[in-house]
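Here is the structure we will look at, set down as structure tokens.
The values are calculated or read from the model by the stated rules, or taken from the named source; none is laboratory data. Just so it is clear, the model here is predicted, and its values are computed rather than measured. Positions of Cβ are backbone-derived with ideal geometry, glycine not excepted, and every protein chain shown enters the neighbour counts.
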Amino acid sequence: MRRHSAILHTKTTPAGISAVELLCYIAGLLVLVFFVQPLLRHPHESDHPTTSCASNQKQLMLGIMQYTQDYDEKYPLSCTNSAITRGWADALYPYVKSRQIYLCPLANATRNSNQNDYTDFWFNNRLSGVPMRYLNRPPNTLVFGDGNDGSAQTDARYHLDSLPTPWLTDTTKPPYRHRGGAFYAFADGHVKWLTPDQITSRTGGGYTFAPH
């Protein structure tokens with residue numbers, strides 16, 4: 001019996017490796033995995049148009065949250081009536097600091113190099129100048145969405161009050177741009193992929209343009 005116990009003790013305790021050394025080894029392995037894992041991804045995974053579009057809208061939401069902190073917790077105006085006409089995209093530029101943030105890689109519209117602050121994303125006009133505290137359901141209130149079908153002037157003032165009726169059924173339009181759906185940014189900061197039938201302009205609806 002004593003011989004049997006000695007054999008069991010030898011099998012369960014690795015010779016020359018303490019518990020501390022074993023933990024250090026495991027920690028080192030985890031660190032190695034952390035740094036190597038990004039190299040194992042598909043080389044173009046982070047550059048996929050769908051990923052870039054969602055990321056750009058998230059960046060715009062970060063910009064708008066910073067803007068509201070500086071301007072009495074109010075959303076920017078869709079368009080200002082000053083001597084120099086400006087729009088929401090102008091207002092956010094100091095916070096996002098990149099023109100590329102306003103673009104969707106899958107938008108097929110012809111680029112006009114003379115059109116400053118060109119954007120493929122519309123701003124919810126019903127939020128123009130609205131205090132954030134007036135929103136009853138921020139997780140369901142639209143702020144930005146995929147737009148620009150090439151038929152409108154999508155400059156720094158580009159905004160919508162609802163999805164245009166032709167967009168709801170025409171699969172060549174922006175609400176179908178990303179594999180049958182589109183990306184939308186919401187007032188609580190998250191971005192979600194949705195199909196056009198999930199978007200409404202009704203008060204108390206599902207995912208809506210209505211702030212109240």
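Miscellaneous remarks
- Residue 51 vs. criteria at pLDDT below 90, within 21 Å of the chain's Cα centre (by Cα) and either outside any loop (DSSP other than H, G, I, E, B) or of a type in the set (D, E, K, R) (or both): yes
- Conditions (1) surrounded by fewer than 19 Cβ atoms within 10 Å (Cβ to Cβ); (2) among the hydrophobic types (A, V, I, L, M, F, W, C); (3) in contact (Cβ under 8 Å) with a residue 40 or more places away in the chain; number of the one not met by residue 152: (3)
- Residue 140 vs. criteria under 15 Å from residue 205 (Cβ atoms) and at pLDDT below 95: no
- Odd one out for residue 126 among (1) modelled with pLDDT of 95 or more; (2) of a type in the set (D, E, K, R); (3) in contact with a Cys (Cβ under 7 Å, 6 or more places away or on another chain): (3)
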